[in-house]
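Read the figures in this text as sums done on the coordinates, not as results from a lab. Please read these numbers as outputs of a predicted model, since none were measured by experiment. Cβ: placed from backbone, ideal geometry, glycine included. Neighbour counts: every protein chain shown.
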Amino acid sequence: MPRWLADKQAKRSLGKDMHNLRWLDPHLRGKTLDAIDSDLLAALLVQRMAEPRVKRDGRKDDRTTSRSTAEKMLALVRSILRAAHSWGWLDRVPAIRLEENGKPKEDYRWLTVSEAERLHRELAEHLRAPYLFALATGWREQNVLRLEWSRIDLHRRVAWVAGSQVKAKRAIGSPLNDQAMAVLASQKGKHARWVFPNEQGMPYNRGNNHGFKAAQRRARIAPLRWHDLRHTWASWHVMAGTSLRSLMELGGWRSYQSVLRYAHLSPEHLAVDAARLPTLATGAKMDQV
């Protein structure tokens with residue numbers, strides 16, 4: 001473990017990894033690496049999800065740990081096992097496959113235009129501008145909330161996210177559409193540095209807070225996370241005809257695999273290939289269909 005930690009000192013999520021490792025320690029202590037298999041991890045997954053969430057200050061929440069959080073813990077274990085294999089400590093990395101307890105994994109959530117408009121009306125005033133900007137750009141929560149004026153060129157209608165703030169570790173340049181420009185116009189003059197400042201002149205810590213969830217209830221829409229605004233942005237793009245390749249560039253994804261989840265929303269991109277098949281001479285005409 002010390003070697004793995006030494007190699008990961010520059011990792012942005014190292015603090016979360018340490019939290020997960022502290023939870024795993026009593027459960028895996030004394031076990032050899034090759035004893036860690038699917039059965040053991042499935043049991044740990046169930047146990048973790050049955051426990052209360054732990055807040056950053058160490059206090060326990062009323063809610064239980066989400067499956068997503070528990071799966072990130074297991075992804076950490078996989079990372080350590082892969083590293084152990086590369087060091088020659090394991091002959092092979094064990095195949096770890098976790099079932100969904102007979103239930104399909106939840107699909108991603110996205111808003112219809114009607115839902116998005118209803119939610120906007122119910123949001124607190126300070127959340128409306130970052131909400132609209134997120135829907136216009138597809139940026140992640142912290143990239144929106146911590147946006148600085150120095151990263152915007154209003155004349156060229158472009159904004160940038162620094163590589164250090166992006167999951168893919170490379171800067172993203174986003175063209176600003178009319179919706180994004182309107183949001184920026186509404187924020188001008190509020191602060192010299194931050195685009196979305198709070199009353200103390202600092203960026204908001206979170207958009208995915210109790211107020212955001214309360215607004216969803218008032219708007220009578222199914223629960224969603226702030227990150228689902230990114231899914232909404234991507235879904236709207238594809239349904240409007242944006243190619244998956246262009247979407248990948250707009251969203252800053254490094255892998256084409258990341259945007260394939262949206263492909264079913266626009267089967268039109270397969271029309272050319274579908275038309276390659278020969279048409280049989282049956283006498284039927286298209287205007288008869």
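Of S38, S255, the sequence from fewest to most neighbouring Cβ atoms within 10 angstrom is S255, S38. Could you calculate the FRET efficiency of E71 with K8 from 1/(1 + (r/R0)^6), where r is the beta carbon distance between them and R0 is 25 Å, rounded to 0.05? With a Förster radius of 25 Å, E is 0.85. Do the alpha carbons of any pairs in K31/K72; K190/K213; K11/K188; K11/K213; K11/K190 sit beyond 28 Å of each other, and which pairs? As for pairs spanning more than 28 Å Cα to Cα, those are K11/K188; K11/K213; K11/K190. With a simple spin-label model that places each label point 7 Å from the Cα along the Cα-to-Cβ direction, the separation between H19 and D178 comes to 4.2 nm. Extension gain for S243 to A214 (0.36 nm times residue separation, less C-alpha to C-alpha distance): 7.0 nm. Neighbours of I221 by Cβ distance under 13 Å: Lys/Arg scored +1, Asp/Glu scored -1, total +4. Along each principal axis, taking the top coordinate minus the bottom one, the Cα set of the range 113-269 gives 47, 37, 25 Å in descending order. For Y108, Y131, Y256, the sequence from fewest to most other C-beta atoms within 10 Å is Y256, Y108, Y131.
Site pair R206 and R53 shows an inter-label distance of 0.6 nm when each label is modelled 7 Å from Cα along Cα→Cβ. Each part gets one Cα centre, and for the range 111-137 versus the range 2-27 those centres are 36 Å apart. When you restrict to C-alpha pairs under 8 Å that are six or more residues apart and normalise by the size of the range 12-86, the relative contact order lands at 25 percent. Straightening the chain between S186 and L265 buys 25.2 nm, computed as 0.36 nm per residue apart minus the Cα-Cα spacing.
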